[in-house]
1. Looking at (1) in a helix (DSSP H, G or I); (2) open to solvent by less than 10 Å² (accessible area, probe 1.4 Å); (3) touching a residue at least 40 places away in the same chain (Cβ under 8 Å), find the lone condition where GLU67 falls short.
2. Looking only at segment 208-229, which residues are open to solvent by less than 20 Å² (accessible area, probe 1.4 Å), in contact with a helix residue (DSSP H, G or I) (Cβ under 8 Å, 6 or more places away or on another chain) and not in a loop (DSSP other than H, G, I, E, B)?
3. If we scan segment 315-326, do we find a residue that is under 17 Å from ASP45 (Cβ atoms) and either in contact (Cβ under 8 Å) with a residue 40 or more places away in the chain or over 18 Å from the mean Cα position of the chain (by Cα) (or both)?
4. Against the condition under 24 Å from VAL152 (Cα atoms), at pLDDT 95 or above and open to solvent by 50 Å² or more (accessible area, probe 1.4 Å), how does ARG5 come out, does it pass?
5. Is it the case that some residue within segment 274-286 is out of contact with any helix residue (DSSP H, G or I) (no Cβ under 8 Å at 6 or more places or on another chain), farther than 28 Å from PRO319 by Cα and not in a loop (DSSP other than H, G, I, E, B)?
6. Within segment 283-320, take every residue that is crowded, with 18+ Cβ neighbours inside 10 Å and of a type in the set (Val, Ile, Thr) and give me the one that is nearest to PHE23 (Cα to Cα).
7. So which residues in segment 77-96 are assigned to a loop (DSSP other than H, G, I, E, B), at pLDDT 95 or above and not hydrophobic (A, V, I, L, M, F, W, C)?
8. Picking from ALA312, ALA279, ALA297, ALA273, which residue would you name as being touching a residue at least 60 places away in the same chain (Cβ under 8 Å) and among the aliphatic types (A, V, I, L, M)?
Amino acid sequence: MRRRRLGRTGLVVSEICLGTMTFGNQADEATSLAILDRAFDAGVDFIDVAEVYPVPPERHWAGRSEEIVGKWLRSKPRDAVIVATKVAGPGGGWFVTPVRENKGTLDRHHIRRAVEGSLRRLGTDYIDLYQTHWPDRDLPWEETLEALTRLVEEGKVRYVGCSNETAYGLTKSLWVSDREGFVRYETIQNNFSLLHRRFEDELAEVCRREKVSLLAYSPLAGGVLSGKYCGGQWPSGARFTLYRAYNDRSQAMTRRFVNERTLAAAERFATVAREAGMAPATLAIAWVLSRDFVGSAIIGATRPDQLEPTLAAADCTLPADVLQACDRISREIPYPMG
């Protein structure tokens, strides 16, 4: 398993990160622990959690993913695992529930409450990478960044990152950090895949110039690039099969990920993968890892065996002709996720 440095930090992590959004919901505790073991045995030492996980959350579920990861961490040397988690912030609107009342802001009070809760659930005295899950547009950057700076100074957090941020938001935050002497966002966790390449429009340039690493989430586009939804299939227990019945927001997200254009593109990418002698999921992850601004690709699973094609992307270098074929499809079916 190759390793990459995140931003300008001292964190050198596996180029594949294990996401835990399913832990405690789609994957029960025993299954989640087995997934963690399989990934760790394969060389994955980077785990991503969030205070609102699992998703979709209910009040009695929120924070459960951190608890499961915390139980697993107790069996490992703490320094052997890089743990990333997130403070929710405004929440993007579609699954804002849960760990804390009135949590829809990134002010110093709520950040402090959030980090203490995460530390308790994870059973650790520090978090390697603490991320803002969604930006808070109604609050000055100074307050959020100052609160995060204090956590770093106290040793509760080593480094900080952001998620679901824009090019303007990331650039503005870096300017404020530089001006005020605050810690800066060393990573950005955004949606990036063969079906969603908008990150390359502007954010990739910011990351390259400012040495910020992308932690790519949904590199399989929620499983669409694995081929599981092709041919009109809605597998039992799959993410978007569940989301179709959850609420209006999750149904809208389902339509964004699973639609005529995404399925058509996924079938073409699958053909490229098969001709190259690999699984579609392997191609999708390896393509994300081929981008120079990516620090790690976040993969997920509901069963240990689902990890095999994604783990196979580790140490995989795609030939030039395969990369060119992927680019051709992207040009012919631009932005299938809208």
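1. Result: GLU67 fails condition (2) only.
2. Of everything in segment 208-229, those that are open to solvent by less than 20 Å² (accessible area, probe 1.4 Å), in contact with a helix residue (DSSP H, G or I) (Cβ under 8 Å, 6 or more places away or on another chain) and not in a loop (DSSP other than H, G, I, E, B) turn out to be SER213, LEU214, ALA216, VAL224, LEU225.
3. The answer is yes; a qualifying residue exists.
4. Yes, satisfied.
5. No.
6. So the residue we want is THR302.
7. Across segment 77-96, the qualifying residue is only PRO77.
8. The conditions single out ALA297.
The values are calculated or read from the model by the stated rules, or taken from the named source; none is laboratory data. Remember, predicted model here, so these are calculated numbers, not experimental data. Don't worry about glycine lacking a Cβ; one is built from the backbone with ideal geometry, like all the others, and counts go over all protein chains shown. In case anyone asks, the SASA skips ligands and DNA or RNA and just uses the protein heavy atoms, side chains included. Shrake-Rupley method; radii C 1.70, N 1.55, O 1.52, S 1.80 Å.
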